[in-house]
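Written below as C-alpha cells is the structure these notes are about.
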Amino acid sequence: MSVTQLLQPDGRGIQDAAQLLRDGQLVAFPTETVYGLGADACNGQAVAGIYEAKGRPSFNPLIVHVGSLEEASALVELPVVLHDLAQAFWPGPLTLVAPLRSGTGLSELVSAGLPTVAVRVPANPLAKALIEAFGGPVAAPSANISGQISPTRAAHVMSGLNGRIGAVLDGGPCDVGLESTIIGSSGEAVVLLRPGGLPREVIEDAIGLVLQSPEDGHIQAPGQLTSHYAPNAGLRLNVDVPLEGEAYLAFGNGSGFGNCLDLSASGDLREAAANLFSHLRALDEMVHVEGLVGIAAAPVPDFGLGLAINDRLTRAAAER
Ligand code: TXA
Ligand code: MG
C-alpha cells in the first residue's frame, strides 16, 4: 500500500471509510479515547494486516468495537456484573473482557486464540457512524506503530502509519486522550486489567465492589497472556519433512503430505497469520481423532508477520 487517504468527518468520508473496511483494508478512526486502527473483525486477512501495519512482534488480542450493548451481547456472554457496567458506562471509555460465544464469525486472530474477547461501544460520533455504516464489528488496537505512543490526532496516526494503511478518518483531537479502562471478571471477582479513561473509583462506586488486580491470580493481564491457545498435542518446530504419524502444519510446502494443513499454499504471511489459530486447532483435533503422535510445523520466515507467527508457535511448543 502506498497512499493513505485523509478522509473528512462528513457523510462522504464515513461512507468511503466503511467501504474500505468492507474491502478488507485498514482505516484509522477517532474514538473518544485514542485513534483506533480498524479492520473488519470477521476478515482474518484484514485483521492480520493490523499486526503487519503496526509491526507487532506478537499476536496481542484486539478490542472489538460495536454499536450497542445488544451487538456486544451477540459476541460475548456478559456476566451480570459486566452487563451492569455496560449499561452504566456504554457508550464510553470502558472495555469489557468476557467469554466469546461460538459461531460469531470473528477471526480467531482478534482474540489471539483466547477463549475470551474484549468488546467496547465507543462514544465518539464518528466512530459510531463508521461502525453503523460498516454494519459489523470492527477490530481496532490503538493506531500507532508497536511500542510507540497512542495517537490522539489524525496527524499522529499519519506520522506513524502513512503509506501502511488505507485511510485515516480525521475527527480532530480525542476528548479523553487515554486508552479505555479494561475490566474482566473471574467468578465473583471483577478485575481491573488496564487502568484508563474511566476512573476505577467511578466503576467501584457503580457496582459497590472493590476491583481486584490481575496479579491476585484471577485473570491474565494484558501483555502477559500466557494462557493463549496451545495445542494438547506435542508441537515440533522448523520441520521440513514430518515423521510418519505426525500431523503437519505446512507453510507453502504442503502438497504431497497426509494429515496436513497449509498455512498458505502460496507462502503469503498475511494468509498464514489469518489461518494460524484455526489450523492449529484443527490439527490438534486431527491428532486426537486419528491417534497421531503429534504436530510438526514447517519453518516460517522470521520477518514481517512471520515474527508474530513464530512467537506464537514457539509459545505453543513450549507451554506444557
Ligand atoms: O481506548 C482503547 O481501548 C483503544 C481504542 C482504539 O479503543 N484501543 C486500544 O487497543 O487501546 P490496544 O490493542 O492498544 O490495547 C488493547 C488491550 C491490550 O493490552 C490487550 O492485551 C487487551 O486489550 N486485551 C484484548 N483482549 C483481551 C482479552 N481477551 N483478555 C485480556 N486482555 C485483552
Ligand atoms: Mg496500544
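As a test of the definition: which semi-axes, in Å, follow for the range 78-162 when you take the square root of five times each eigenvalue of its alpha carbon gyration tensor? Largest first, please. Walk me through the numbers on the way to the answer.
Values: eigenvalues 119, 58, 37 Å².
Working through the eigenvalues yields semi-axes of 24, 17, 14 Å.
Largest first, how would 65, 156, 279 line up by accessible area (1.4 Å probe)?
Details: 65 10, 156 80, 279 30 Å².
Result, largest first: 156, 279, 65.
State the extension gain, in nm to one decimal, for the chain segment bounded by residue 2 and residue 303, taking 0.36 nm per residue of separation less the distance between their alpha-carbons.
Values: separation 301, 0.36 × 301 = 108.36 nm, distance 1.99 nm.
Full extension from residue 2 to residue 303 adds 106.4 nm.
Can you send over the solvent-accessible area of residue 257, 1.4 Å probe, protein chains only, in Å² to the nearest 10?
70 Å²
R0 = 51 Å: FRET efficiency of residue 265 with residue 84, Cβ-based, nearest 0.05? Before the final figure, lay out each step's value.
Values: r = 48 Å, r/R0 = 0.94.
Efficiency for this residue pair is about 0.60.
Take the range 90-248, drop everything but the C-alpha atoms, weight them equally and run the Debye formula without solvent; then report log10 I(q)/I(0) at 0.08, 0.12, 0.15 Å⁻¹ to two decimals.
Summing over Cα pairs of the range 90-248 leads to -0.33, -0.70, -1.00.
So for the range 80-196: antiparallel DSSP bridges make up what percent, rounded to the nearest 5? Present the calculation step by step, with values, prior to reporting the outcome.
Working: 9 of 13 bridges.
So the antiparallel bridges in the range 80-196 amount to around 70 percent.
Ratio of alpha-carbon Rg to the 2.2 N^0.38 Å globular estimate for the range 103-142, to two decimals, please. Walk me through the numbers on the way to the answer.
Values: Rg = 11.4 Å, N = 40, 2.2 N^0.38 = 8.9 Å.
So the Cα radius of gyration is 1.28 times the expected 2.2 N^0.38 Å.
From the gyration tensor of the Cα coordinates in the range 46-114, what semi-axes in whole Å does the equivalent ellipsoid have, largest first, with each one equal to sqrt(5λ)? List each step's numbers first, then the result.
Values: eigenvalues 114, 37, 22 Å².
Rounded to whole Å, the semi-axes are 24, 14, 10.
What is the diffusion coefficient of the chain in µm²/s, taking the Kirkwood radius over Cα pairs and the Stokes-Einstein relation at 25 °C with a viscosity of 0.890 mPa s? Could the numbers behind the result be given before it?
Numbers: Rh = 20.2 Å.
Translational diffusion coefficient: 121 µm²/s.
Please give the contour-minus-distance gain from residue 209 to residue 232: 0.36 nm per residue of separation, less the Cα-Cα distance, rounded to one decimal in nm.
Details: separation 23, 0.36 × 23 = 8.28 nm, distance 3.71 nm.
Contour length minus Cα-Cα distance gives 4.6 nm.
Using 0.36 nm per residue of separation minus the Cα-Cα distance, give me the extension gain between residue 186 and residue 71 in nm, one decimal. Display every interim value, and only then the final one.
Values: separation 115, 0.36 × 115 = 41.40 nm, distance 2.24 nm.
Between residue 186 and residue 71, full extension yields an extra 39.2 nm.
Give me the distance in nm between label points sitting 7 Å out from Cα along the Cα-to-Cβ direction at residue 12 and residue 201, one decimal.
Once both label points are built, they end up 4.8 nm from each other.
The values are calculated or read from the model by the stated rules, or taken from the named source; none is laboratory data. Everything quoted here is computed from the prediction, not taken from an experiment. Cβ sites come from the backbone with ideal geometry, for glycine too, and all protein chains shown count toward neighbours. SASA here: full protein model, heavy atoms, side chains in, ligands and nucleic acids out. Shrake-Rupley method; radii C 1.70, N 1.55, O 1.52, S 1.80 Å.
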